[in-house]
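One structure is given here, and the rest of the page talks about it.
The values are calculated or read from the model by the stated rules, or taken from the named source; none is laboratory data. All values derive from a computational prediction rather than experimental measurement. Neighbour counts run over all protein chains shown; Cβ positions are idealised from the backbone, glycine included. Protein only, heavy atoms only, side chains kept; ligands, DNA and RNA dropped before computing areas. Shrake-Rupley method; radii C 1.70, N 1.55, O 1.52, S 1.80 Å.
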Amino acid sequence: MKPFHPTPKTLMGPGPSDVPARILEAMARPTVGHLDPQFIALMDEIKSLLRFAFQTENALTFPVSAPGSAGMETCFVNLIEPGDTVVVCVNGVFGGRMVENVTRAGATAVVISDDWGKPVDLQKVEDTLKSHPEAKILAFVHAETSTGVLSDAKALCALAREHDCLSIVDAVTSLGGVPVKVDEWGVDAIYSGTQKCLSVPPGLSPISFGPRAIASIEARVTPVQSWFLDLSLVMNYWQGEGGRSYHHTAPINAMYALHEGLLMLHEEGLEAAFARHQTQHEALRDGLEDLGFSFLVEPEYRLPQLNTVHIPERVTDEAAIRKNLLEKHDLEIGAGLGALAGKVWRIGLMGASACPANVEKCLGALKDELG
Ligand SMILES: *Cc1c(COP(=O)(O)O)cnc(C)c1O
């Protein structure tokens, strides 16, 4: 055995995305103690940069020390008590995982299903909230990475408020790629990930909780089922007044990477980052359509950062083509998930991967492989 030196790949799948050298270099800096004042100052900067990214003033905004799925679980286990009712919108894989979280936390999930490739239907949500006045939470995925669909988070959060529900929003793929306006939209609890449009290695999950969500946690009568994800304990580590108490050891070097990635987003500016994702999406779309591909998702609710295209009929072995892309072209694209397996490819333009060189490389490699 010897040290591991992977061949670099161009990452154009559903995440992780390409990690800029600047972020990798940040990660290689000396590890300090997690209660070292230098590190605590870094934690404060990360919190304020995350508030910038989420467009919020929420004090309770920080990265959970585990990937996006842990942010998802943090939202559900802290806001749910056994016996609660949660309305969950399912239009792809990740909505399905939300249902799992709800039932495992001892609550009843009222599921609203929409076709894969379509956004969450607002009328169905309104009807369901009307017929379930006992519902405490409305949960949905803003950007469904399994299909490439953007749902209307602003309208969904407004519906949740009208019916006195808290909102839980999955922004794993949306944050940094399309607008996510936590305060303006009145989002109550939201989680994201680092390895999609933030272009930071996987392993952390930024979350933000608003005042209504915090009041709901404070009013709990049962303890949170998960010790590690219990916000009442983690909060003392991330924002303890007059000195922080040990809860767990933060993944210190991963925090360096997140800080650097957020600094890069801050330097570029949110609007510029969104515009870059859109411009690169349009260039990729034009090239893919020239090659004969068609999109699964209608343009009005298509995600720029995740392009789902039907595999042309002349392709008999789609897995072999992805293997050639990876091995001969050092290019990763994503396969279809669930019902879409074997039928679509998912081409990511997330974070640093949304650049002209990647668009060109992807189109050139596909042309080569498809003949
Ligand atoms: C990737 C993703 C997740 C899960 O994040 P992990 O970091 O893989 O745990 C959750 N929701 C959506 C929409 C995602 O794209």
Original post:
So what's the projected area for the chain, the Cα convex hull averaged over all directions, in nm²?
Top reply: 19.1 nm²
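Over the chain, what is the relative contact order in percent, taking alpha-carbon pairs closer than 8 angstrom and at least six residues apart? Walk me through the numbers before you get to the answer.
Values: 716 pairs, mean separation 92.7, N = 371.
Contact order relative to length: 25 percent.
Counting other C-beta atoms within 10 Å, and keeping those with at most 11, which DSSP coil trypsin sites (Lys or Arg not before Pro) do you find in segment 308-342? Walk me through the intermediate numbers first.
Values: sites: R314, R322, K323, K328; in loops: R314.
Here the trypsin sites (Lys or Arg not before Pro) that fit, given the DSSP loop and packing criteria, are R314.
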**OP:** Extending each Cα 7 Å along its Cβ direction at E25 and K9, get the distance between those two points in nm, one decimal.
**Re:** 2.6 nm
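Exposed loop sites here are chymotrypsin sites (Phe, Trp or Tyr not before Pro) in DSSP loop states with at most 12 other C-beta atoms within 10 Å. What is the longest stretch of the chain lacking them? Show your work: numbers first, answer last.
Working: sites that count: F4, W227, Y246.
Counting only loop sites that pass the neighbour cut-off, the longest clear stretch is 5-226.
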Original post:
So what is the diffusion coefficient of segment 89-207 in µm² per second by Stokes-Einstein at 4 °C and 1.567 mPa s, using a Kirkwood Rh over Cα pairs?
Top reply: 90 µm²/s
**OP:** For segment 143-250, report the translational diffusion coefficient in µm²/s to the nearest whole number, using Stokes-Einstein at 10 °C, 1.306 mPa s, and a Kirkwood Rh over Cα pairs.
**Re:** 102 µm²/s
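Would you mind calculating the gained length between I40 and R244 on full extension (0.36 nm times residue separation, minus the Cα-Cα distance), in nm to one decimal? Let's see the in-between values first.
Numbers: separation 204, 0.36 × 204 = 73.44 nm, distance 0.88 nm.
Gain on stretching I40 to R244: 72.6 nm.
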**OP:** Would you mind classifying segment 266-371 by shape? Square roots of the alpha carbon gyration tensor eigenvalues, ordered a ≥ b ≥ c; an a/c under 1.5 is rounded, otherwise it is prolate if a/b is larger than b/c and oblate if not.
**Re:** prolate
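Taking 1 over the mean of 1/r across every pair of different Cα atoms in segment 233-293, what Kirkwood radius in Å do you get? Don't skip to the end; give the middle numbers.
Values: mean 1/r = 0.0655 Å⁻¹.
Result for segment 233-293 stands at 15.3 Å.
Please check the chain for the longest run free of GluC sites (Glu not before Pro) that are loop-located per DSSP (anything but H, G, I, E, B) and have at most 12 other Cβ atoms within 10 Å.
Numbers: sites that count: E57, E134, E241, E313.
After excluding every exposed loop site, the longest remaining stretch is 135-240.
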**OP:** Hey, can you find the accessible area per residue of the chain for me, probe 1.4 Å, expressed in square angstrom?
**Re:** 41 Å²
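With the radius of gyration and the Kirkwood radius both derived from the Cα set of segment 91-157, what is their ratio Rg to Rh?
Details: Rg = 11.7 Å, Rh = 12.4 Å.
Value, to two decimals: 0.94.
Ratio of alpha-carbon Rg to the 2.2 N^0.38 Å globular estimate for segment 7-142, to two decimals, please.
On the way: Rg = 19.1 Å, N = 136, 2.2 N^0.38 = 14.2 Å.
After normalising by residue count via 2.2 N^0.38 Å, the value is 1.34.
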**OP:** Report the local net charge at T85: Lys and Arg +1, Asp and Glu -1, summed over other residues whose C-beta lies under 13 Å from its C-beta.
**Re:** -3
Original post:
Quick one: if the Förster radius is 35 Å, what FRET efficiency do L122 and W227 give, using the C-beta to C-beta distance and rounding to 0.05?
Top reply: 0.40
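If r is the Cβ-Cβ distance from E162 to R314 and R0 is 41 Å, what FRET efficiency results, to the nearest 0.05?
Numbers: r = 49 Å, r/R0 = 1.21.
With a Förster radius of 41 Å, E is 0.25.
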Original post:
Between C355 and S131, what is the FRET efficiency for a Förster distance of 41 Å, r being their Cβ-Cβ separation, to the nearest 0.05?
Top reply: 0.30
**OP:** Would you mind calculating the gained length between T108 and E57 on full extension (0.36 nm times residue separation, minus the Cα-Cα distance), in nm to one decimal?
**Re:** 15.2 nm
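Taking a cut-off of 16 Å, what percent of all Cα-Cα pairs in segment 176-224 are separated by more than that? Write out the running numbers ahead of the final one.
Numbers: 625 of 1176 pairs.
Everything past 16 Å amounts to 53 percent.
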